[in-house]
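All remarks here apply to the structure that follows.
Read-outs throughout are calculated quantities, based only on the coordinates presented, and are distinct from any laboratory measurement. Worth saying up front: this structure is predicted, and the values here are computed from it rather than measured. In this analysis, Cβ positions are derived from the backbone assuming ideal geometry, glycine residues included, and neighbour counts consider all displayed protein chains.
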Amino acid sequence: MEDQPLPEGTLQNILEQETLKWVFVGGKGGVGKTTCSSILSILLASVRSSVLIISTDPAHNLSDAFQQRFTKTPTLVNGFSNLYAMEVDPTVEHEDMSSSDGMDNLFNELAGAIPGIDEAMSFAEMLKLVQTMDYSVIVFDTAPTGHTLRLLQFPSVLEKGLAKVMSLKNKFGGLFSQMTRMFGMGDDFGEDAILGKLEGMKDVIEQVNMQFKDPDMTTFVCVCIPEFLSLYETERLVQELTKFEIDTHNIIINQVIFDDEDVESKLLKARMKMQQKYLDQFYMLYDDFNITKLPLLPQEVTGVEALRSFSRHFKTPYESICSKDQVERLENRVTALQQQLKEAEEELERVKTGKNKD
Ligand SMILES: Nc1ncnc2c1ncn2[C@@H]1O[C@H](COP(=O)(O)OP(=O)(O)OP(=O)(O)O)[C@@H](O)[C@H]1O
Ligand SMILES: [Mg+2]
């Protein structure tokens with residue numbers, strides 16, 4: 001009996017899951033996170049009342065994808081009535097915490113005691129803001145792997161911060177508030193203010209933490225490419241998500257070169273063979289996931305028009321029709337991408353060896 005090809009996966013399941021509130025899109029650098037999250041937000045906008053896409057990558061590129069400038073307040077995407085975009089920098093200073101130097105000192109003290117607390121607090125502030133805005137669904141274009149996972153740990157970081165302030169307060173009691181007064185901080189900026197701030201955020205944190213761990217409300221879409229490094233990183237990402245109890249059941253494999261009888265190019269054929277090896281491994285490792293394959297295009301996917309056109313591959317499996325001219329352009333694209341990958345791997349090596357030295 002001949003093997004029946006498996007039915008190809010799509011991202012239709014995300015569009016149909018009406019209870020979803022938070023959709024994270026993540027993966028290694030350059031694999032297509034921004035492209036995929038932008039397209040998901042466009043598709044969701046056609047089935048939901050309102051959609052917000054947020055980039056938490058300090059190297060923002062929603063502006064590139066949509067060819068429109070965005071800021072840290074939600075802005076309507078041109079051509080839409082219910083799709084908003086914003087770019088936030090999770091590493092920004094806690095600028096709106098207080099204008100008082102004393103408070104800043106105290107805060108810095110706290111930031112030193114609990115690594116990641118400042119980042120966690122600005123992320124929490126942002127989530128608090130977004131929560132009040134009542135979007136039907138929020139899509140995150142996240143930064144490359146490590147960073148995203150750090151942000152997802154933020155609730156426990158903040159809880160530690162709260163516990164720390166509490167213990168300081170209990171330990172030093174009146175002395176603590178005397179000191180804050182001594183250093184010129186009025187009641188508005190004293191320890192009660194910090195406590196209040198953290199306590200106020202605690203509710204949001206608990207609520208969001210609960211939502212992030214609820215597979216009806218939150219899912220993480222992993223984007224990758226059919227290459228060794230990406231397979232390896234995806235496995236690490238999936239394991240971490242499992243550890244944090246965050247649902248993930250979609251993998252997008254981007255930049256796939258599809259076998260086409262008309263293609264005679266040796267370069268493309270060799271590339272396809274290499275990709276097939278990793279595709280097989282993805283299907284083997286993630287047989288309980290929806291795996292969506294996206295074709296490598298000869299050109300970039302920028303602008304709403306291009307994103308919309310590419311979005312069809314999110315809903316129906318790819319069928320290729322390749323012309324001679326397209327093969328040539330694909331070849332050039334593959335060469336350019338190989339170069340980019342080589343540079344990225346070298347960079348990664350440099351970062352790794354740099355870290356080991358510390
Ligand atoms: N299937 C594809 N075919 C051709 N070009 C693509 C494809 N997918 C993405 N691109 C292009 O590749 C580049 C990188 O994609 P994208 O910005 O979505 O990746 P990213 O994972 O967000 O990268 P970064 O980690 O730098 O944020 C973009 O210029 C995008 O237009
Ligand atoms: Mg990006």
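Under 5 Å from the amide H of GLY32 lies no amide H of any residue 5 or more positions distant or on a separate chain, with H modelled from the backbone and absent for Pro and chain starts.
Place a label point 7 angstrom from the Cα of ARG308 along the Cα-to-Cβ direction, then list the residues of segment 55-83 whose backbone nitrogen is under 11 Å away. Inside the label zone: 79-80. Computed from the C-beta positions of ASP325 and GLU245, the FRET efficiency with R₀ = 51 Å rounds to 0.55. FRET efficiency for the ARG69 to LEU297 pair, using the beta carbon distance and R₀ = 25 Å, is estimated at 0.50. Compared with the direct C-alpha span, the chain from LEU348 to SER46 gains 104.9 nm at full extension, assuming 0.36 nm per residue. Spacing of the modelled spin labels on LEU337 and LYS266, each 7 Å from Cα toward Cβ, amounts to 2.1 nm.
Spin-label pair THR316-ASN61: with each label point 7 Å from Cα along the Cα-Cβ axis, the two points sit 2.9 nm from one another.
Relative to one another, the C-alpha centroids of segment 15-45 and segment 287-346 are positioned 17 Å apart.
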